Number of protein chains: 2
Amino acid sequence: MNQSSQKLRLHIRLRIYKDDLLFGTGIAELMEWVEKTGSLSAACREMGMAYSKGWKIVRRAETQLGYSLMDGKKGGSSGGQMVLTDQGRELLRRYRQMETEIIQLADEVFARYFSDVNL
Amino acid sequence: MNQSSQKLRLHIRLRIYKDDLLFGTGIAELMEWVEKTGSLSAACREMGMAYSKGWKIVRRAETQLGYSLMDGKKGGSSGGQMVLTDQGRELLRRYRQMETEIIQLADEVFARYFSDVNL
């Protein structure tokens, strides 16, 4: 018997590296907030992330990619000025789709290995 | 053109949760070091981990599992006294096998989404 009735859950964190960390769930979420709020600083606030950190994550990705993920006033506190570039939006879409596919496959494998209650 | 010639790599971190974090790469590696060194404190040293942290990770897993992962003198600094239980060894084996399978599937998905050089 297990000690509690909570089910086992698998959590997966994906990260894409090139020279350095390039892309992952953090920047994906940040970009989605930029899309919603039109502002990098508002996006950072939504994520409880320091603006300097958000900006660093975006810059690190853009440097390695060789293109911009977002366009507009990066430093502005007025908001409503930042949009994802087409390339940024495409990368984000592709990453999220890949992530969904991997999580689904991984959950299937996990269930196969850990479906019996007693481990 | 990309900014550098480094290839993109996918990194995956797996974690199994129940009430709390139960198992993952950290404790798997720790158990492998216990297997090699016969000592939890030596295993922690090999991983650059405080003994108190190693002990906490093991205890947290064991509490949720309802069985022991290792047996012997947990606090001893003499070493050579700690072995994995059969259940511990089986859980470790199963986790590593699942991990290998998931990484392989994920790498295939990753290659499908990100094989083109320009992202």
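List of remarks:
- Of the criteria (1) surrounded by fewer than 15 Cβ atoms within 10 Å (Cβ to Cβ); (2) of a type in the set (D, E, K, R); (3) in contact with a strand residue (DSSP E or B) (Cβ under 9 Å, 6 or more places away or on another chain), which one B:GLU62 fails: (1)
- Residue within the stretch B:16-26 that is more than 13 Å from chain A (Cβ to nearest Cβ), without any contact (Cβ under 8 Å) to a residue 24 or more places away in the chain and more than 30 Å from A:THR63 (Cα to Cα) present: no
- When A:ALA50 is tested against (1) more than 10 Å from chain B (Cβ to nearest Cβ); (2) touching a residue at least 24 places away in the same chain (Cβ under 8 Å); (3) farther than 23 Å from A:VAL109 by Cα, only condition (2) is not met.
All of the numbers you see were taken from the coordinates with simple rules; none came from a lab. As the structure is a prediction and not an experimental result, all values here were calculated from the model. For neighbour counting, all protein chains shown are included, and Cβ atoms are generated from backbone atoms with ideal geometry for every residue, glycine included.
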